[in-house]
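The values are calculated or read from the model by the stated rules, or taken from the named source; none is laboratory data. As the structure is a computational prediction, the values presented were derived from the model and not from experiment. Reconstructed Cβ throughout: ideal geometry from the backbone, glycine too, with neighbour counts over all protein chains shown. The area values use the complete protein model at the heavy-atom level, side chains included, leaving out ligands, DNA and RNA. Shrake-Rupley method; radii C 1.70, N 1.55, O 1.52, S 1.80 Å.
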Number of protein chains: 2
Amino acid sequence: MEARVAEQSSKRRVTLTRESILEAALRLCSPEGGGQLTFSRLGKELGADPTAVYRHFRDKDELVLALTDLTVQEGMELSRQALPDGPSDDWRAWLTVTAQSVRASYLARPALAVLAAARTTASPAETHSVEQLITVLHRAGLPVIEAAECYRALLDMTLAMTQYTAAFSILDRSAQEKDEAAWAVKYGMLPEDEFPLLHQSAPRLTELFRDDDGVFALVLTTFLDGVAARIERARKA
Amino acid sequence: MEARVAEQSSKRRVTLTRESILEAALRLCSPEGGGQLTFSRLGKELGADPTAVYRHFRDKDELVLALTDLTVQEGMELSRQALPDGPSDDWRAWLTVTAQSVRASYLARPALAVLAAARTTASPAETHSVEQLITVLHRAGLPVIEAAECYRALLDMTLAMTQYTAAFSILDRSAQEKDEAAWAVKYGMLPEDEFPLLHQSAPRLTELFRDDDGVFALVLTTFLDGVAARIERARKA
DNA sequence: CGACCCTGTCAATGCCATTGACAGCGACTC
DNA sequence: GAGTCGCTGTCAATGGCATTGACAGGGTCG
């Protein structure tokens, strides 16, 4: 390694590492990076032949898996910064922050969210966070098993809805507008006498159409209300 | 149209209709039909040239949109059969049945669920069902707007989680097992002293791993508990 | 110094959606 | 009833994609 500088960059052979590839891939997944992850783009981004990546990841699936790991991990990290060190008693804040952090990490890379699809990351990224989360729920009064179930339910729901949002955000403007227009028309034309309630709530529904974050917030708080009910029930028993 | 019979089937020109295409496409989306929707497969299924479909749908997106419409519609239809005619007072049953029906319709065609991704079907399929659903919630004590929000939240959550499940079910066995194995190992090796609660709930968590329906049921009932709390709150005010 | 492996390169394969030119055929016009 | 037009199926071609196998340079280890 004699520091032969990169002036010959034209034909210089680049050296890839697992890390450099992951980094570049994450960049590509973000909207600023183009929002599409393909081998050819990845090759260009790295200044190497697209197929060189295969030396480090068996196939695209493995690459995506590693990326989701990083992303969930980042989300958990993010939530840790926003939360007090030790397990506090404010379970609601814990769950909210965790869910929103994971969601935010994913939404920063919509392309990844779409590819990740069903892959519930196998590595309980940041196991400590998970343990703490369950602890918080348990201290609030939930039996351990039930607390674990809540954690799992919350995470899956969050991932699913986030991926859903991401998929939509990736569509080109035209498709999005097409959807929105159709939606607005349908709700605007509802005969008031046949669908009184729907007609009455139409404005709110159209408003919610493009507001995925709003819908997510809705689902989340309702879910948390459910958890609260569960906790209360457990305490009485 | 002189009933020249199909003995000349080799070079006979098939006539496509929007309906016949949709039908064939739905067939392809089901696991029995191969579980993959592509133009070439669709062409073969119809006995026509793949590109003939373009005469009836501008592109794949339009086709998929029409298919999701049909599917949600079928789900709503299904739920109507399982429910009493007029709006009853058992809002919980209503929401449960609706969610599970829509989910079932989608899961019968995992390939579609994956393609549909973010496309919240623009046509409020079976507007009557929606109106009824909101009515039920409103009669239970929820303000109209809030009832509409609940409907939207429930539907989106259901669609998102279902698509999530579908995506996983489409992976080949090997990938699924890879995930599962990694998962089990991770949870099995957790040091008990560092992660006491996680260690304790590991069996339940691994059990939930492949049980997407179980997780969905969990999310759903928790969500409904939340709705119940909301209703109670609204009644008091 | 030689064998070997790690890793980047290159050319090729096969699937996919999509397009444009063409062709049969029915309907409609004069 | 002949000509014209438009609807719709066919065919060949394009460009993007993941993936594979043969090759090659260069570093390492014996």
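Has segment B:40-49 got at least one residue that is under 22 Å from B:S169 (Cβ atoms), more than 10 Å from chain A (Cβ to nearest Cβ) and open to solvent by less than 40 Å² (accessible area, probe 1.4 Å)?
So far as segment B:40-49 goes, yes, one or more of its residues are under 22 Å from B:S169 (Cβ atoms), more than 10 Å from chain A (Cβ to nearest Cβ) and open to solvent by less than 40 Å² (accessible area, probe 1.4 Å).
Evaluated against (1) more than 27 Å from B:Y164 (Cα to Cα); (2) open to solvent by less than 20 Å² (accessible area, probe 1.4 Å), A:V227 falls short on exactly one condition, (1). Among the residues of segment A:84-109, those identified as within 19 Å of A:L224 (Cα to Cα) and within 19 Å of the chain's Cα centre (by Cα) are A:A93, A:W94, A:L95, A:T96, A:V97, A:T98, A:A99, A:Q100, A:S101, A:V102, A:R103, A:A104. Checked against (1) surrounded by 19 or more Cβ atoms within 10 Å (Cβ to Cβ); (2) more than 7 Å from chain B (Cβ to nearest Cβ), A:W183 meets all criteria but (2). When restricted to residues that are in a helix (DSSP H, G or I) and within 16 Å of DNA strand C (Cβ to nearest atom), segment A:30-86 contains 19. Looking at segment A:75-97, which of its residues are open to solvent by less than 40 Å² (accessible area, probe 1.4 Å), among the aliphatic types (A, V, I, L, M) and modelled with pLDDT of 90 or more? Scanning segment A:75-97 gives A:A93, A:L95, A:V97.
Pick from A:R204, A:R152, A:R119: which is at the interface with another protein chain (Cβ under 9 Å from one of its Cβ atoms), open to solvent by less than 10 Å² (accessible area, probe 1.4 Å) and among the basic types (K, R)?
Numbers: A:R204 fails: open to solvent by less than 10 Å² (accessible area, probe 1.4 Å); A:R119 fails: open to solvent by less than 10 Å² (accessible area, probe 1.4 Å).
Only one candidate qualifies: A:R152.
Of all residues being buried (at least 16 other Cβ atoms within 10 Å of the Cβ) and within 14 Å of chain A (Cβ to nearest Cβ) in segment B:62-74, which is nearest to DNA strand D (Cβ to nearest atom)? Just the residue, please. Selected residue: B:L63. Selection of segment A:128-146 for residues being surrounded by 17 or more Cβ atoms within 10 Å (Cβ to Cβ) and facing another protein chain (nearest Cβ under 7 Å) yields A:V130, A:E131, A:I134, A:T135, A:H138, A:V144. Remark: B:A111 falls outside the filter, which requires a residue to be in a helix (DSSP H, G or I) and within 22 Å of A:M157 (Cβ to Cβ). Residue count for segment B:168-199 satisfying the condition of being in contact with a helix residue (DSSP H, G or I) (Cβ under 7 Å, 6 or more places away or on another chain) and modelled with pLDDT of 90 or more: 4. When A:G35 is tested against (1) surrounded by fewer than 21 Cβ atoms within 10 Å (Cβ to Cβ); (2) more than 16 Å from DNA strand D (Cβ to nearest atom), just one condition goes unmet, and that condition is (2).
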